[in-house]
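The values are calculated or read from the model by the stated rules, or taken from the named source; none is laboratory data. No experiment lies behind these values; they were computed from the predicted model shown. For neighbour counting, all protein chains shown are included, and Cβ atoms are generated from backbone atoms with ideal geometry for every residue, glycine included. Protein only, heavy atoms only, side chains kept; ligands, DNA and RNA dropped before computing areas. Shrake-Rupley method; radii C 1.70, N 1.55, O 1.52, S 1.80 Å.
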Amino acid sequence: MMRASLFGLGTAISIVFSGSVYASETPKLPAQEWSWQGIFGTFDQQELQRGLQVYLEACSSCHGLKHVAYRNLTALGYNDEQVKAFAAEYEIEDGPDDEGEMYFRLARPSDHFVSPFPNDQAARASNNGALPPELSLIAEARQGGADYIYALMTGYVDPPEGVDLPDGMNFNTYFASQQIAMPQPLFEDGVEYADGTKASIDQMARDVSAFLTWTAEPYLDERKSMGFKVILFLLVFTAMLIAVKRKVWADVK
Amino acid sequence: MSSAPEFKNPIVRWIDYRLPVFSYMHEEYQNYPMPKNLNYFWNFGALATIALVLLLVTGIVLAMHYTPHVDLAFDSVERIRREVNFGWLLQYLHANGASMFFAVVYIHIFRGIYYGSYKAPRELLWILGVVILLAMMATAFMGYVLPWGQMSFWAATVITNLFSAIPGIGEAIVTWLWGGFSVDNPTLNRFYAFHYLLPFVLLGVVILHVIALHVHGSNNPDGIDLTGPQDSVPFHPYFTAKDSVGTGVFLLILAALVFYAPNYLNHPDNTIPADALQTPAHIVPEWYFLPFYAILRAIPDKLFGVIAMFSSILVLFVLPWLDTAKVRSARYRPLFRWFFWLLVADSILLGACGANAPEGVWLILSRAGTAYYFLHFLVVIPALGLLETPRTPPTSISQPVLATGNDPSPGAQASGGNQ
Amino acid sequence: MAETAQAPETQGDDETKRDFLILATTAVGALGTALFAWPLIDSMNPAADVLALSSAEVDLSSIEEGQSVTIKWRGRPVFVRRRTQAEIDEAGSIKIINLPDPEDDAARAQRPEWLILVGVCTHLGCIPLGQKSTDPRGEFGGWFCPCHGSHYDTSGRIRKGPAPKNLEVPVYTFLDDNTVRIG
């Protein structure tokens, strides 16, 4: 009776809370396959490097990446020299100097990615009042994560019959209200990949989705590898604890 | 009742003579008689303590890196995850540990309801438990505000605004809680101060809870008192061993969450920094508050919604007096058992309602669920005590064993039976 | 429950097995607790961003002979001084055996022209004066600490006063003729 009730309970709970815990409104997202999925999943460095390139060339003029420091890019397979040179392509505000003035200097690896706009108001002013969100955490801040980003990047279509788009808005199948202020950011061959990969929209969308998943959780690889060891340890330890318990209780009743 | 133990170590003897901690531990956690028929549902109190210690320890270390200022809080949490050694692990342990704490405590509470653990002489034990639940809810609520995400900010705004429903002084109370005219930096700072304080208050109440428990000892699945030493086994090694098994399983589930689904129970909107000028499409609390949230929104009137929500916990305080039955355990109360599972199903239903907007079928269900919840405690439970004919519990815990095995005496019969 | 009768030897064996199991399980549990404690302790060590700022690069090209510059490194001031030939000669000329903290000037400066010191007095931690041309330099031409009157010479060595040790020389590397990395 107890077991049946518990089973029923478990079924009820899993039906009610299937998928994510909270009701969502975006249209059903097609599920994608990613290299970091599963117990042994890890990021693919080549994919991340291509994704970085897509971000730099297609996104960084409007979207910041402020939680990522240039030195974090060593996780993508770049060495210290490359990271230093990359950082030095950007200028960052520093100061005040001895005269009390703010000045610009070359960015160092310890600095965080320079944002395209100094503040939200400037960002809105350059984008018809719309605020391009900062992208470091976007994969975690949207239901569906990388699946959503991929769907959004590839979801630009002509508006269907009868849908009137206000000026400056674009139609996207997977955006919440299906009217998005951002124009289509990815076009065929829009980026020339350093490793020669064909830059189809699908390719770029996948690569940037992977990159943004990394920016949201750069410690994913460590988390999963530690997790495997911890759970293995706990399984063995719990088995030992069960054996001890049985031995201790063997003479009761 | 137990003999004073002779400690061999002279240092131990010296300390114990002046502050009898070792004798106390020996009496309360080594020799202490525990009913030998306890099932694994009796693990959950110990698991709750483990969860609390885990939260305290991770919390103190997280507090070394967190900044309670509206401009810096969100970034400080991101910094913990990215820059602090093992910071991501500590933050995930803390957030998921809180969910595990509530899961374990809810099962612990339902165990108490099923087996009548709240009945005399354990009424005060039960009441202390409800106090612990309230302290947990306050602590968790304030803790969730600290990362200063969208959900943090808006949950704080919605819940503090509830107090404005109090007639007359409501607005003044809300302004006092906020320290301003909206949830802002003063609010965040004081929530941090209280979030650090309350767990230690909680620890104190837990200690009282355990002291109260040890006065009359644990209840057991048969709901009958111990009749003699044949009914019990000493806490150590029997229950240190059994609780360790439960702990192993608890840690496995926690590890599965922390390492493979760390954000499953988190809402994506809380990864967006708080914006006072933009309300999220759906404001939802963490899963452990969902049933109470459903009750709050089921009532169309603001004040009565608040009263209903608080009453749903206050009704637990008086449960020992609402239940008029003479038999403790649901094992011997077949009708009560059906209503118990109905209550469990109702709680899960209310949780589902809390996750959805209060409209259409969900609104109807939350109202039905709320109605049943109060009906259960205020009508069903008292009525059952008077109307139900319970089965006869065994005369002692050991009796069924003696009956099925070796006891040839005519009066002995196995009654009830194991569930 | 009926107890199976056991011969004393096998009963003893059972107990030994049980003891070993309990011992092994306790040991594994202790190991697990230690492994859990490590992240808690290590989280208090400097975080990645603190370590990233643990070295500072200084551009030497704008510092003239006889000029001193103060930079902040790991939260403390560092004196970078381009010494004149007179200062270098004086630093090398005295008998180090008479010094309170004997140390050769050659051991304190990788290139004699450049003196790099942590600008914290080794007595009780004040910042010695002598970086600006208008500052008092003390009786030995180097630095003077106003708090309790410690005098440092042109190599940053303590000559007179309560400070016990010479000004600390941090770890530094010349990346090229115009850049030095401290730390």
Exercise for the section: Check A:THR173, A:THR197 and return the single one that is surrounded by fewer than 19 Cβ atoms within 10 Å (Cβ to Cβ) and touching a Gly at 6+ places or on another chain (Cβ under 6 Å). Expected result: A:THR173
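Rundown of residues vs (1) in contact (Cβ under 8 Å) with a residue 12 or more places away in the chain; (2) under 14 Å from C:ARG81 (Cβ atoms), yes/no style:
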site	(1), (2)
C:PRO136	no, no
C:GLU139	yes, no
C:TRP143	yes, yes
C:SER150	yes, no
C:GLY156	yes, yes
C:ARG159	yes, no
C:PRO162	yes, no
C:ASN166	yes, no
C:VAL171	yes, no
Practice task
Check the stretch A:188-205 and report whether any residue there is closer than 25 Å to A:PRO30 by Cα and facing chain B (nearest Cβ under 8 Å).
Solution key: no
Handout entry: Odd one out for B:PHE110 among (1) of a type outside the set (Gly, Ala, Ser); (2) open to solvent by 20 Å² or more (accessible area, probe 1.4 Å); (3) without any contact (Cβ under 8 Å) to a residue 24 or more places away in the chain
Key = (3)
Problem - Scan of the stretch B:383-397 for residues that are within 30 Å of the chain's Cα centre (by Cα) and without any contact (Cβ under 8 Å) to a residue 12 or more places away in the chain, ordered by number - result: B:ALA383
Exercise for the section: Specify the residue that is nearest to B:PRO35 (Cα to Cα); the eligible residues are those in the stretch B:187-219 that are open to solvent by 80 Å² or more (accessible area, probe 1.4 Å) and in contact with a helix residue (DSSP H, G or I) (Cβ under 6 Å, 6 or more places away or on another chain). Expected result: B:LEU208
Fill in the blank from the handout: Among residues of the stretch B:94-107 being farther than 29 Å from B:PHE317 by Cβ and open to solvent by 20 Å² or more (accessible area, probe 1.4 Å), the residue nearest to the other protein chains (Cβ to nearest Cβ) is B:HIS94
Exercise for the section: Report yes if A:GLU222 is of a type in the set (Asp, Glu) and open to solvent by 60 Å² or more (accessible area, probe 1.4 Å), otherwise no. Expected result: yes
Practice task
Only residues that are open to solvent by less than 20 Å² (accessible area, probe 1.4 Å) and more than 9 Å from every other protein chain (Cβ to nearest Cβ): list them for the stretch B:60-76, please.
Solution key: B:ALA73, B:SER76
Exercise for the section: Identify all residues within the stretch A:234-253 that are touching a Gly at 6+ places or on another chain (Cβ under 9 Å) and open to solvent by less than 60 Å² (accessible area, probe 1.4 Å); write none if there are none. Expected result: A:LEU234, A:PHE237, A:THR238, A:ALA239, A:MET240, A:LEU241
Exercise for the section: Run down A:GLY8, A:GLY19, A:GLY51 and say which single residue is out of contact with any Ser or Thr (no Cβ under 6 Å at 6 or more places or on another chain), modelled with pLDDT under 60, small (Gly, Ala, Ser) and open to solvent by less than 40 Å² (accessible area, probe 1.4 Å). Expected result: A:GLY8
Handout entry: Residues within the stretch B:272-304 that are within 21 Å of B:ALA98 (Cβ to Cβ) and at the interface with chain A (Cβ under 7 Å from one of its Cβ atoms), tallied
Key = 3
Fill in the blank from the handout: Of those in the stretch B:225-271 that are part of a loop (DSSP other than H, G, I, E, B) and at the interface with chain A (Cβ under 8 Å from one of its Cβ atoms), the residue nearest to the chain's Cα centre (by Cα) is B:LEU265
Handout entry: Which numbered condition A:GLU91 fails, given (1) within 14 Å of chain C (Cβ to nearest Cβ); (2) closer than 30 Å to C:VAL69 by Cα
Key = (1)
Completion exercise
So the helices (runs of 4 or more DSSP H) completely within the stretch B:86-178 holding 2 or more residues that are more than 27 Å from B:LEU54 (Cβ to Cβ) are B:123-145, B:150-161, B:170-178
Problem - Entirely in the stretch B:292-403, the helices (runs of 4 or more DSSP H) that have 2 or more residues that are among the small types (Gly, Ala, Ser) and out of contact with any helix residue (DSSP H, G or I) (no Cβ under 8 Å at 6 or more places or on another chain) - result: B:360-375, B:381-387
Practice task
Report the residue count in the stretch B:220-256 for those that are open to solvent by 30 Å² or more (accessible area, probe 1.4 Å) and of a type in the set (A, V, I, L, M).
Solution key: 6
Completion exercise
Residues of the stretch B:32-58 being away from chain C (no Cβ under 11 Å), open to solvent by less than 20 Å² (accessible area, probe 1.4 Å) and closer than 23 Å to B:ALA103 by Cβ, in sequence order, are B:LEU38, B:ASN43, B:LEU47, B:ALA48, B:ALA51, B:LEU52
Exercise for the section: Restrict the check to the stretch B:149-164 and report whether at least one residue is touching a strand residue (DSSP E or B) at 6+ places or on another chain (Cβ under 7 Å), buried (at least 19 other Cβ atoms within 10 Å of the Cβ), assigned by TED's automatic domain parsing to the domain that holds B:ALA95 and in contact (Cβ under 8 Å) with a residue 40 or more places away in the chain. Expected result: yes
Exercise for the section: Take A:LYS28 and decide whether it is surrounded by fewer than 21 Cβ atoms within 10 Å (Cβ to Cβ), within 14 Å of chain B (Cβ to nearest Cβ) and basic (Lys, Arg). Expected result: no
Exercise for the section: Just give me the residues in the stretch A:206-219 being open to solvent by 20 Å² or more (accessible area, probe 1.4 Å) and within 8 Å of chain B (Cβ to nearest Cβ), in sequence order. Expected result: A:PRO218
Exercise for the section: Out of the residues in the stretch A:223-253 that are within 7 Å of another protein chain (Cβ to nearest Cβ) and of a type in the set (Phe, Trp, Tyr), state the one that is farthest from B:ASN37 (Cα to Cα). Expected result: A:PHE233
Problem - Any hit, the stretch C:131-141, residues being modelled with pLDDT of 90 or more, buried (at least 21 other Cβ atoms within 10 Å of the Cβ) and closer than 15 Å to C:THR70 by Cβ - result: no
Exercise for the section: State which residue is nearest to the chain's Cα centre (by Cα) when the search covers only the stretch A:127-139 and only residues that are more than 10 Å from chain B (Cβ to nearest Cβ) and surrounded by 13 or more Cβ atoms within 10 Å (Cβ to Cβ). Expected result: A:LEU135
